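Please treat every number below as a calculation from the coordinates, not as lab data. As the structure is a computational prediction, the values presented were derived from the model and not from experiment. Don't worry about glycine lacking a Cβ; one is built from the backbone with ideal geometry, like all the others, and counts go over all protein chains shown.
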Amino acid sequence: MSTTSNASLIARHNAALTPNYGKLPAAIVSGSGSRLTDADGKTYIDLFAGFGGTILGHCHPALVHALSAQANTLWTVGNQFYSEPQIRLAEHLKAKAFDGRAFFCHSGAEANEAAIKLARLAAGGGDNEGHGKYKIISFLKGFHGRTLGALSATPTPAYQKGFTPLTPGFLAVPYNDLAALKAAIDEHTAGILMEPIQGEGGVHLPDPAFPAQVRKLCDENNITLIFDEVWTGCGRTGHYFGHQLYRHPDGSPVLPDILTLGKALGGGIPTACMFAIPRLAALLQPGTHGCTLGGNPICAAVAAAVFDVLEKENLCDQAAEKGRKIRAALTGFKNAAKIKDVRGAGLMLGIQLHAPDAAPVVAAALALGLVINATSKNVLRLAPALNIPDEDLDQALPLLDQALAAV
């Protein structure tokens with residue numbers, strides 16, 4: 001048996017790694033743009049981009065250059081020194097989100113942990129008897145990570161099973177339910193944590209007025225508003241950030257106090273950020289929080305290059321346009337009757353099926369040479385690179401139509 005075949009690599013994997021991921025039966029050995037190649041030489045069109053992480057596709061020349069140039073200059077010196085790539089990346093966030101200050105780490109879960117800590121710090125925190133302001137309210141069907149704090153804010157029993165007792169001070173209310181949110185707020189509430197679009201929960205959007213209503217509640221009750229944009233950040237929704245989809249009645253943007261980013265921030269390189277308004281960011285004095293390799297020069301240089309490319313190639317607008325193209329194509333599918341609903345924004349799309357299980361469609365798509373994903377049992381997720389070539393998209397959509405015949 002070849003040592004580089006799918007079968008041999010899968011066997012080696014199973015003998016050496018934990019089985020905590022549900023994997024597709026292919027060992028990917030190379031990628032270019034929106035194309036992947038497995039160890040048996042089969043190629044795939046990638047409509048999921050590594051859970052949205054490779055937002056510019058695989059091996060984008062600008063990112064390869066940024067990585068190699070920085071790797072030949074400085075790897076990491078720890079955060080006791082200043083580093084120019086970190087500064088460039090933070091300046092991109094200030095210019096494209098709001099006036100904030102960046103804390104860099106490795107994953108979206110870490111960014112959310114930092115945000116939760118900062119919200120509690122800003123509120124004064126609580127004690128072991130439950131006094132003070134320490135509670136964090138999140139939303140049902142939300143997803144914020146698998147570390148214990150982030151998991152406590154992720155109210156999905158299947159994810160929490162086996163890991164109790166969870167971190168105290170977390171509660172969840174239905175998404176879009178303003179009355180339930182109001183009822184949950186009390187004198188102990190420190191923060192509200194929400195996704196501008198719920199990703200893992202099935203690609204659910206709030207009512208257009210809901211984010212502004214949440215912002216108003218936070219202002220009235222001196223509560224920190226955290227937007228988890230691990231999925232929706234970096235152009236995915238047709239805007240640089242998902243919260244830019246929403247407006248107050250006067251037309252002004254709905255802004256969080258804290259923004260968290262991951263996945264696409266590094267274009268596939270492990271990079272994440274908690275980005276907070278200056279008043280809150282100033283509370284993170286030495287000793288309050290840290291991350292040894294967070295924002296190391298290589299990751300920061302690549303992430304800064306991601307924003308360079310997003311801006312130079314006008315990829316937010318391209319995401320919006322290509323999202324509209326996919327939606328239009330879905331209505332003309334031979335198997336369109338199998339689709340119950342299409343939700344999302346830009347190139348973050350959820351296709352809910354009438355069938356109870358979308359897994360057969362994912363398997364059929366892979367056999368046809370197409371990579372997609374399923375979440376919430378019967379929702380197909382599409383999240384291709386924002387710069388996916390039209391020819392790849394034109395070839396992929398008929399394959400998706402064929403795969404729908406599996407249910």
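For Phe170, the residues 5 or more places off, or on other chains, whose built amide H falls under 5 Å of its own are Ile136.
Coupling constants for the range 112-121 follow from the phi torsions by the Karplus curve (6.51 cos²θ - 1.76 cosθ + 1.60, θ = phi - 60°), and in residue order they are 5, 4, 5, 5, 4, 4, 5, 4, 5, 4 Hz; glycine and proline get x.
Annotation: amide H of Ala272 within the under-5 Å range of Cys105, His106, Ser107, Gly295, sequence separation 5 or more or interchain, hydrogens built in the peptide plane.
In order along the range 270-286, the phi-based Karplus estimate (6.51 cos²θ - 1.76 cosθ + 1.60, θ = phi - 60°) of 3J(HN,Hα) comes to x, 8, 8, 8, 9, 10, 10, 4, x, 4, 7, 4, 5, 6, 7, 7, x Hz; Gly and Pro are listed as x.
For the chain, the share of DSSP beta bridges that are antiparallel, to the nearest 5, is 70%. Between 0 and 90 degrees, the angle of helix 61-71 with respect to the longest Cα principal axis of the chain falls at about 60 degrees. Taking amide H as placed 1.01 Å from N in the peptide plane, Asn373 has its amide H under 5 Å from the amide H of Arg381, each at least 5 places away in sequence or on another chain. Projecting the Cα atoms of Cys218, Ala329, Pro208 onto the dipole axis of the chain, where Lys and Arg carry +1 and Asp and Glu carry -1 at the beta carbon, places Ala329 farthest toward the positive end. Here the Karplus curve 6.51 cos²θ - 1.76 cosθ + 1.60, taken at θ = phi - 60°, turns the phi angles of the range 217-226 into couplings of 4, 5, 5, 6, 10, 6, 10, 7, 9, 10 Hz, with x standing for Gly and Pro. Each part reduced to its alpha carbon centroid, the range 336-407 and the range 19-78 end up 21 Å apart. Among the cysteines of the chain, those with no neighbouring cysteine Cβ under 4.7 Å are Cys59, Cys218, Cys234, Cys273, Cys299, Cys316. Once the range 64-312 is represented by equal point scatterers at the alpha-carbon sites, with solvent omitted, what log10 I(q)/I(0) does the Debye formula produce at q = 0.12, 0.13 Å⁻¹? One equal scatterer on each Cα of the range 64-312 leads to -0.66, -0.78.
Using Cβ point charges alone (K and R +1, D and E -1), the dipole size of the chain about the Cα centre works out to roughly 500 debye.
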